[in-house]
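Everything below concerns the one structure shown next.
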Amino acid sequence: CDGKIGVAKKYYVTEKLVHYKKMPDRFVPVVVVVHMVAVVLLFVDIVAVVLLVVDIVAAVIVVVDIVAAVIVVVDIV
C-alpha cells in the first residue's frame, strides 16, 4: 500500500511539474504585455522627473526675476 502511494505521489508531482512547465507558454503574451507596460511606465516616470527638474529650474528663474525686480524698484526709489 505504501509503495502504491509513493508511486501515486511521484506521478502526481511529475504531472504537476509538466503542468508548470507548460504554463509559461500560455503566460508568455501576458508577461510580454506586463513588461511592455512596465517599460512605458518607467519611460513616463523618467519624463515626469525631467519635467519636475524643468519646473524647479523655472521656479528658481521666477524667484531670481522677482528679486531682480525688487532690486530695480528699490534702486529707483
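The numbers here are math on the coordinates, done by the rules we state, and not lab data. Just so it is clear, the structure is predicted and the values come from calculations on it, not from any experiment.
Expressed in nm to one decimal, what extension gain is obtained for the pair Ala69 and Leu51 from 0.36 nm per residue of sequence separation less their Cα-Cα distance?
So the extension gain works out to 3.8 nm.
Between Val77 and Val40, what length comes free when the chain is fully extended (0.36 nm per residue of separation minus the Cα-Cα distance, one decimal in nm)?
7.8 nm
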